[in-house]
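The values are calculated or read from the model by the stated rules, or taken from the named source; none is laboratory data. Predicted model, so just to flag it, every value in this text is computed and none were measured. Don't worry about glycine lacking a Cβ; one is built from the backbone with ideal geometry, like all the others, and counts go over all protein chains shown. Quick note on the areas: whole protein, heavy atoms, side chains included, nothing else; ligands and nucleic acids left out. Shrake-Rupley method; radii C 1.70, N 1.55, O 1.52, S 1.80 Å.
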Amino acid sequence: MASTYLLIPDDFTPAPSLLPERIVGFEAVTGFSSDLGAVAYAVTTDGGVAAALGLDRDALARAGFEGKPGQTLAVPTAEGPAVYVVGAGAEADVTTDSLRDVAANVARAAATHARIGMSLGPLGDVDRETVGQLVAEGMLLARYRFSELKTDPKVTPLDAVEVLVGAADVSAVTDGFARGVITARSANLARDLANTPPGHLTATVFADLALSLAEDFGLEVEAFDKQQLFELGCGGLLGVNAGSAEEPRMIKLRYTPAGESTGHLAMVGKGIMYDSGGISLKPSDPMHLAMKMDMGGAAAVFAALTALRDLGCTTTVTAFLMCTDNMPSGSAYKLGDVLTIRNGMTVEVKNTDAEGRLVMSDGLVLATEEEPDAVVDIATLTGAALVSLGAATAALFGNDQAIIDQAKAASAATDEQVWQLPLEKKYRKQLDSDVADISNLGGPYAGATTAALFLNEFVGGLPWAHLDIAGTMQSETDDSWRSKGATGFGARLLIELALAFEKIR
Ligand code: BES
Ligand code: MN
Ligand code: ZN
């Protein structure tokens, strides 16, 4: 249960992005209707300017608008809808990423409007269904705000979008809208969960939410409480939970395709509902309010699964969300304690703030027991990932280049950037322990790698990819499709990975 002192309103939902009133109507049109509040034109740096705008390139240039990516200009008008131009870059540089960004920048430029029309400019060789998906994603992700706990949210919800297309493209673009609405809804669900305060979204609340939503999204779900976790031998998750007044939960989900299954992927997500560091308490720092997002991996996995049936995924997916907070107290796990993971391996705790790998090891063992074709895990695991790659790019590791390459392809399709780092086996001895099979702390350098080497011990040699999203879990600013706050990073990447998954060996 969430703490009663928080006086959480009865109608509070940690998943507002799923509310039916949030549905935005996207329509591909060959001419705008008359009731739009705003119309936006994408303009390249070099191609023609839409005649309907009534301004030529010189006029735009006099106002300082060249059409560079990210540029926007409000064009004053005497009557009719508000008009905006949005930079689309050079015509030859049109990509899936640039189209998604243009749509996002339209949504931001016309932020005070609920009904928006958009002319996209050149589409390059991007197939038209994908165009529709990118537009829906860009607009819905950019318009996202977590305003559930504001009395006056002061945001204009998006209501309807019309996109101008050639008559021959109406049908394909419309199909793409339906897909983009689903992928953006997933990413925004992951954001909701990560933005929700830790007292509002405890492990128990997360499990109850999964139990109540699973059927709607065609998923099987089981939630395991503390007693059941003892019976399963999940000593990593229980050890981290020991200091908390809140019970842990392991949430197991399964998506089974309606027709023949083309493969089986297991996913594991880190669900630290709040990471105080435990007895190895994090030093006082305002940044640590971001540790409510330490369940961003679990949120991304759960959110991704909610999209699979509706997108016709043919891969079976089994998921494990490892949920607890990490708190100091009289009952907390201590430095020097030895935890026994589900596979019987013992771990000496040298730092209680390296808790992610402890809960993930139980999850990875459970995942391997399903005998999947591959395992992928996602975790806000190390500050070192943030230090090495910053907030734009997640660290990618693995033991098998084929599954790593599939993760890279999913990353490229979704603009959730990753960079592969080496799983350098030379550093494995940094994890040696005098008293247990392994310790949870590496040396001072390559912290993302030593954490990945720890996880590698629990995947039983199955093809495995690991995403460390500590850097990418949040955005400091509104930046194209990334809205300030939790990014939902990984939800769209995991959807794409499952959709395109191919068995490895
Ligand atoms: N949740 C943190 C990692 C993190 C840091 C996520 C910054 C997002 C932003 C993780 O549990 C942690 O505390 N890691 C430690 C590990 C260390 C003690 C080996 C870290 O990275 O400092
Ligand atoms: Mn930690
Ligand atoms: Zn953590």
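Highest average first, the peptides 291-300, 205-214, 311-320 ordered by how many other beta carbon atoms sit within 10 Å of their residues are 291-300, 311-320, 205-214. Contact order, relative form, for the chain: 15 percent (alpha carbon pairs under 8 Å, 6 or more residues apart, mean separation divided by residue count). Coordinate range of the alpha-carbon atoms in the chain per principal axis, descending: 76, 52, 45 Å. Heavy-atom accessible area for K426, with the other protein chains in place and a 1.4 Å probe, reaches approximately 140 Å².
Per-residue counts of other Cβ atoms within 10 Å, averaged by peptide: what ranking do you get for 459-465, 372-378, highest first? Write down the numbers at each step before the final one.
Values: 459-465: 20.6, 372-378: 26.9.
Sorting 459-465, 372-378 by mean packing, highest first, produces 372-378, 459-465.
Ordering T112, T368 from largest to smallest accessible area (1.4 angstrom probe), what's the sequence? Present the calculation step by step, with values, prior to reporting the outcome.
Numbers: T112 100, T368 30 Å².
Of T112, T368, the descending order of accessible area is T112, T368.
Apply the a/c threshold of 1.5 to the C-alpha gyration tensor of the stretch 377-424 and tell me whether it is rounded, prolate or oblate. Cα axes put the stretch 377-424 in the oblate bin. 3J(HN,Hα) couplings calculated from phi for the stretch 389-394 with the Karplus curve 6.51 cos²θ - 1.76 cosθ + 1.60 (θ = phi - 60°) are, in sequence order, 10, x, 8, 8, 9, 8 Hz; Gly and Pro show x. A simple rule links phi to the HN-Hα coupling: the Karplus curve 6.51 cos²θ - 1.76 cosθ + 1.60 with θ = phi - 60°, which for the stretch 363-380 gives x, 5, 5, 4, 5, 5, 5, 7, 6, x, 6, 7, 10, 10, 10, 9, 7, 7 Hz, with x for Gly and Pro. Here the Karplus curve 6.51 cos²θ - 1.76 cosθ + 1.60, taken at θ = phi - 60°, turns the phi angles of the stretch 189-203 into couplings of 5, 4, 5, 3, 5, 6, 7, 5, x, x, x, 7, 10, 8, 4 Hz, with x standing for Gly and Pro.
Provide the percentage of antiparallel DSSP beta bridges, counting only those with both residues in the chain; round to the nearest 5.
Numbers: 27 of 73 bridges.
Restricted to the chain, the bridges split so that about 35 percent are antiparallel.
Accessible surface for H200 stands near 30 Å², nearest 10, in the context of the full protein assembly shown (1.4 Å probe).
Close amide H pairs (under 5 Å, H built 1.01 Å from N) link V39 with A82, V83, Y84, G117, residues at least 5 positions away or on another chain. Amide hydrogen proximity for F26: with H placed 1.01 Å from N in the peptide plane, the residues at 5 or more positions away or on another chain lying under 5 Å are V161. In terms of its Cα atoms, the stretch 276-318 spans 47, 18, 8 Å along the principal axes, sorted from long to short.
If you bin all the Cα-Cα distances of the stretch 10-141 at 5 Å, starting from zero, the percentages per bin are 2, 10, 20, 23, 19, 13, 6, 4, 2, 1, 0, 0.
A cut-off of 5 Å between modelled amide H atoms, ignoring neighbours fewer than 5 places along the same chain, links V268 with F320, V376, D377, I378. Taking all protein chains together, R492, R145 sort by accessible area into R145, R492, largest first [probe 1.4 Å].
Run the helix sum for the chain: -39,500 (n - 2.57) per DSSP H stretch of 4+ residues, divided by residue count, reported at 222 nm to the nearest 500 deg cm²/dmol. Don't jump to the answer; show the numbers that get you there.
Numbers: 13 runs with 154 residues, N = 505.
Calculated from helices alone, the mean residue ellipticity at 222 nm is -9500 deg cm²/dmol.
List the equivalent ellipsoid semi-axes of the stretch 377-505 in whole Å, largest first, each obtained as the square root of 5λ for an eigenvalue λ of the Cα gyration tensor.
Working: eigenvalues 134, 75, 21 Å².
Three semi-axes, in Å: 26, 19, 10.
Rg and Dmax of the stretch 117-209, both derived from C-alpha coordinates alone, stand at 16.7, 51 Å.
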